[in-house]
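Below is one structure, written out as C-alpha cells; comments come after it.
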Amino acid sequence: MKEIERKFLVIRAEYRNGILPVRYRQGYIMQDATGHLRIRVGGGKAILGFKKLISGFSRWEFEYPVPVDDAEEMLAHLCEGRVVEKDRYTLTYRGMRWEVDEFLGKNAGLVIAEIELDSEGRYFEKPPWAGEEVTHDPRYLNVHLAEHPYGEW
C-alpha cells in the first residue's frame with residue numbers, strides 16, 4: 001500500500017488533552033538508503049513492516065501482524081540496538097487523523113506530529129501545536145533516530 005505522510009515538530013502539548021497514549025517499541029532488522037524492515041510492539045499487538053521510498057513524501061508500506069512473543073525475540077536478537085521507544089497519541093483535528101509521537105530514552109525531548117494523506121497535494125489544516133515541517137529532513141525518520149538519537153545531535 002502507498003503511504004503519503006507529512007511530519008511536523010510539535011511546539012505545544014495541547015494535543016494531549018484527555019488522550020491516553022500507547023507506548024511503542026520499534027526496531028530495525030534491515031535497512032538501506034531507501035527502505036527498511038522493522039518490528040513494532042505496542043498496545044498488546046506486534047507488526048512486521050516494510051517501507052521503501054517512492055518519491056517526495058510517498059513510500060510503499062506493507063504491514064503484517066505477528067505474535068507478540070516472536071516480535072519481542074526479534075527486538076532482542078535481530079535489531080542490534082536499533083530500537084526507538086515512544087508514546088503515541090492519536091487524535092482528530094479538523095476531521096483528519098493525526099499521530100503525535102513523544103520519543104523516549106536517547107530521543108527524549110523530541111515530539112513529532114504525523115498526518116497520512118490520500119495524495120501529495122491533499123489540503124489539510126495544520127494544528128496550532130504543530131510547528132516546522134520536517135518531512136524532507138531524514139534526521140527525523142524513526143529509522144535514523146534508532147541509530148543517531150536526537151539526544152546526541
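FYI, it's all coordinate maths here, none of it is from the lab. If you're wondering where the values come from, they're calculated on a predicted model, not measured in any experiment. Backbone-built Cβ (ideal geometry, glycine too); neighbour counts: all protein chains shown.
General remarks:
- For Lys45, the aspartates and glutamates whose Cα falls under 13 Å of its own Cα, not counting residues fewer than eight places away in the same chain, are Glu63, Asp69, Asp70, Glu72.
- Taking His144, His77 and counting other C-beta atoms within 10 Å, the order from fewest to most: His77, His144
- Cα-Cα over 20 Å, subset of Lys51/Lys126; Lys2/Lys51; Lys51/Lys106: Lys51/Lys126; Lys51/Lys106
- When the GluC sites (Glu not before Pro) in segment 30-92 are filtered for DSSP coil states and for at most 14 other beta-carbon atoms within 10 Å of their beta-carbon, the remaining sites are Glu80.
- Rounded to the nearest 10 degrees, the inclination of helix 68-77 to the longest alpha-carbon principal axis of the chain is 70 degrees.
- Packing-based order for 101-111, 86-96, using average beta carbon neighbours within 10 Å, highest first: 101-111, 86-96
- Shape summary of the chain, radius of gyration then Dmax from alpha carbon positions: 15.0, 42 Å.
- Unit charges on C-beta of K, R, D, E only; dipole of segment 107-147, Debye: 120
- Think of each Lys and Arg Cβ as +1 and each Asp and Glu Cβ as -1; about the Cα centre, that makes the dipole of the chain roughly 280 debye.
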